[in-house]
Structure formats: structure tokens, C-alpha cells
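Below: one structure, written as C-alpha cells.
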Amino acid sequence: MPVHPDALVPPALREAILAWFAAHGRPLAFRATDDPYAVLVSELMAQQTQAERAAEAWVAWIARWPTVGDLAAAPVSDVLRAWAGLGYNRRALALHRAAQAIVSQHGGQVPGDIPALERLPGVGPYTARAVAAIAFGRPVGAVDTNVRRVLGRIAGAGGVGIMSGFALGSMQSLADAVVPEDAAATWTHALMDVGATICTPRSPRCGDCPAVLWCRFAAGERGEPSVLPKQRPRSAPFPSTRRWLRGRVLDRARSAQDASWCAYPDAIGSHEPAAVREAVLALAREGLLEARETPDGLEARLPG
């Protein structure tokens with residue numbers, strides 16, 4: 001017999017999670033809006049960045065570019081400067097390109113259907129569903145690592161194999177099936193907060209979890225769900241890494257006034273000039289810098 005989703009995540013459990021969120025949810029600035037553009041910005045910012053830091057940057061971003069048209073018309077150099085401190089600078093470029101695509105292909109309105117959202121630069125399955133749920137109230141599950149872990153532990157998606165009997169057969173299907181019809185946005189935020197603050201990867205605080213009465217993991221089925229990806233700890237890159245070097249190269253270009261060209265003739269940190277040159281050229285290939293050869297060596301600047 002196929003397992004109904006209510007057997008894995010029953011209505012009473014959902015009510016408990018929503019009640020917990022009402023009392024303990026993080027008051028992040030971007031949760032005060034359901035504007036699709038503002039939600040899209042927040043979701044792209046929060047990818048691989050702490051939510052609190054993303055929320056601070058989001059406030060300044062929306063004040064500067066309050067509409068998708070404002071962002072689409074902005075010079076990419078300004079967008080990259082505003083992204084400083086958020087890391088993974090390709091996301092800034094993708095967000096700018098997404099804004100331009102929304103203006104040119106969707107009349108300046110963020111689309112509400114998932115296939116159209118997934119066609120935007122930088123938008124994958126998770127981001128598309130988060131925007132659809134939070135901004136448009138669509139009953140779809142946004143499955144990031146936090147949500148995957150919470151639902152996987154509740155449902156016992158590990159060695160006991162209970163998920164194998166679920167009719168729709170996947171974590172995404174389960175996530176979609178258990179979204180409360182009238183509370184898609186709140187449910188999305190609530191699951192993320194349970195995963196971020198209580199149902200953590202290494203030391204879950206099961207005694208404080210609103211799902212503890214229904215959770216197979218808490219009940220002793222400790223085999224971690226096979227659907228959970230291995231998590232890499234988020235930390236600042238070490239000075240010896242290429243990611244650190246790329247950040248310093250971009251920071252030098254960001255600090256230049258009036259789109260001035262910057263020279264990169266010397267070592268940066270422990271990275272020799274040849275490695276610096278390689279980093280500059282790689283960033284130029286990705287569209288994050290413009291580069292040129294001069295008699296004095298390689299120069300670069302933010303794109304115009």
C-alpha cells in the first residue's frame with residue numbers, strides 16, 4: 001500500500017511547526033514582503049550566505065533598486081559593487097541578467113509559474129519554488145538542504161525505507177504534497193527556520209523541536225536519510241585558496257573610482273603573479289571583469 005503524505009507529515013505536525021514559527025521565527029527583514037522581485041532578490045542573496053547577513057544587504061539593495069526595472073537598467077559595475085561582502089559574485093551577475101530577462105521577456109513582471117522562473121539566469125528548482133510559494137502563494141515545496149534534512153528526518157527516509165512506499169516517490173514530491181494550501185509562504189519560512197536553528201546537521205536539539213512527537217529520527221531511527229547530501233561547513237575562504245584570491249581581485253576592481261583600470265602586476269597574499277593573472281582572466285571570461293593587455297601588463301576593471 002502506498003504511504004499517504006499525511007502519514008509521514010500529518011496535519012497536526014504542520015500545525016505544530018506553524019505555531020512554533022509564529023513564536024520563534026527569525027524576524028528577517030525580507031520576510032515582511034511578498035513582492036516577487038524583492039523575494040527573488042532575497043532568495044538569490046541567501047544562497048550560500050547567512051540569512052542575517054543577506055537580510056542586511058537586502059534592505060540596502062531594495063532601497064537602491066526598488067523595482068526590477070531599476071535593477072535591469074543599473075550598470076553591472078554598480079551591481080557588483082553593491083554585492084560586496086555576500087560572496088559568490090556570479091550570483092550578482094545572474095541576478096542582474098535575470099532582471100534584464102524579466103523586463104525584456106515578461107513585461108517587467110516576475111513570472112509566477114515554475115518553468116518560467118527556472119529559465120531565469122541563476123534560478124534553479126529551489127529558488128523557483130521559493131519565489132512561487134512566498135510571493136505567489138503556490139502550494140509547492142522549496143527544498144534546500146535545511147528543508148531536505150527536516151522532512152527526511154521526520155519521514156524516516158533512511159535505513160527503514162519508509163519513503164520507498166510513498167506514492168509520489170521523491171523528497172520533492174513529499175515537500176509539495178505537505179504544503180498547507182493557505183499558508184505556503186509561512187510554511188516555507190517555518191521549515192527553513194526549524195532546519196537552520198533546531199534540526200541542525202550535527203547536533204539537533206530534538207527536545208526543542210516542534211516536530212519531535214512525530215519524528216522518526218527523534219524516535220530512535222538514527223540512520224540519516226539517504227536523500228540528504230553531505231554538507232560542507234560554511235566558512236570564510238582561507239588566504240591560500242583560489243576563492244580567496246578571486247575575492248581580493250574583485251575587491252581591488254570594486255575600490256577603483258569611475259571604472260578605472262586596475263593593474264595586477266604583483267603577488268596577492270601567497271599567490272604569485274602568475275596565479276593572480278590566471279584569476280583575473282578567469283573572472284573576465286565569466287563576465288565579472290573586463291581585462292586588457294597593456295605594455296605594462298594585465299589590467300582589469302568592473303564591467304561597464
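For Arg138, state whether it is more than 27 Å from Ala175 (Cβ to Cβ), over 17 Å from the mean Cα position of the chain (by Cα) and among the charged types (D, E, K, R). Here the answer is no, as Arg138 does not meet what is asked.
On the basis of being under 19 Å from Ser77 (Cβ atoms) and either modelled with pLDDT under 90 or not β-branched (Val, Ile, Thr) (or both), does Arg202 make the cut? Answer is no for this residue. Criterion applied to Asp176, Asp193, Asp182 was being closer than 13 Å to Phe21 by Cβ and charged (D, E, K, R), and the one residue passing it is Asp193. Check the range 214-229 and report whether any residue there is modelled with pLDDT of 90 or more and part of a helix (DSSP H, G or I). Scanning the range 214-229, I find at least one residue that is modelled with pLDDT of 90 or more and part of a helix (DSSP H, G or I), so the answer is yes.
With the condition kept exactly as written, say whether any residue in the range 121-128 is of a type in the set (Phe, Trp, Tyr), over 21 Å from Asp6 (Cβ atoms) and crowded, with 18+ Cβ neighbours inside 10 Å. So far as the range 121-128 goes, yes, one or more of its residues are of a type in the set (Phe, Trp, Tyr), over 21 Å from Asp6 (Cβ atoms) and crowded, with 18+ Cβ neighbours inside 10 Å. Within the range 29-52, none of the residues are among the aromatic types (Phe, Trp, Tyr), over 27 Å from Ala116 (Cα atoms) and buried (at least 18 other Cβ atoms within 10 Å of the Cβ).
The values are calculated or read from the model by the stated rules, or taken from the named source; none is laboratory data. Only a predicted model underlies this, so the values are computations on that prediction, with no experimental measurement involved. Every residue, glycine among them, receives a Cβ derived from its backbone with ideal geometry; neighbour counts consider all protein chains shown.
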